[in-house]
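Some notes on the structure that comes next.
The values are calculated or read from the model by the stated rules, or taken from the named source; none is laboratory data. Being a predicted model, the structure only gives us computed values, none of them experimental. Cβ sites come from the backbone with ideal geometry, for glycine too, and all protein chains shown count toward neighbours.
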Amino acid sequence: MKATWNNIVIAESETVVRFKNNIFFPYDSVKLQYLVKNNQSFSDNDKGVCQYYNVEVGGVVAKNGAWMCSNPNLEAEKIRDYFAFSKDIAISDTSQK
């Protein structure tokens, strides 16, 4: 799987995790230079507390374009420190090529 913003690959991995209609990329598969943690977070019953990141490439910003749960609920433990991306970020399946 590959995540792209403003024509730049920001994450790529063959070992993503699918959870609650989201695709989560391992921490080490994400190009962190394109993520800027902001002061926003959210909490839900499925995942726990998650932090938002802006995705910035070439001066173009996807506000809250990425998020990560560093302290998930027990049910969501498998996504600890994995990144998911908003609908603004293009996700493509590279295994089909």
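Some values worked out for this structure:
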| quantity | calculated |
| --- | --- |
| Count - residues of the range 20-62 that are surrounded by 18 or more Cβ atoms within 10 Å (Cβ to Cβ), over 12 Å from the mean Cα position of the chain (by Cα) and modelled with pLDDT under 95 | 2 |
| Residue list for the range 51-97, filter: charged (D, E, K, R) and either part of a helix (DSSP H, G or I) or closer than 14 Å to Phe25 by Cα (or both) | Glu75, Glu77, Lys78, Arg80, Asp81, Asp93 |
| Test result for Ser92, farther than 18 Å from Lys2 by Cα and loosely packed, with under 14 Cβ neighbours inside 10 Å | no |
| Residue within the range 4-15 that is out of contact with any strand residue (DSSP E or B) (no Cβ under 6 Å at 6 or more places or on another chain) and not in a loop (DSSP other than H, G, I, E, B) present | no |
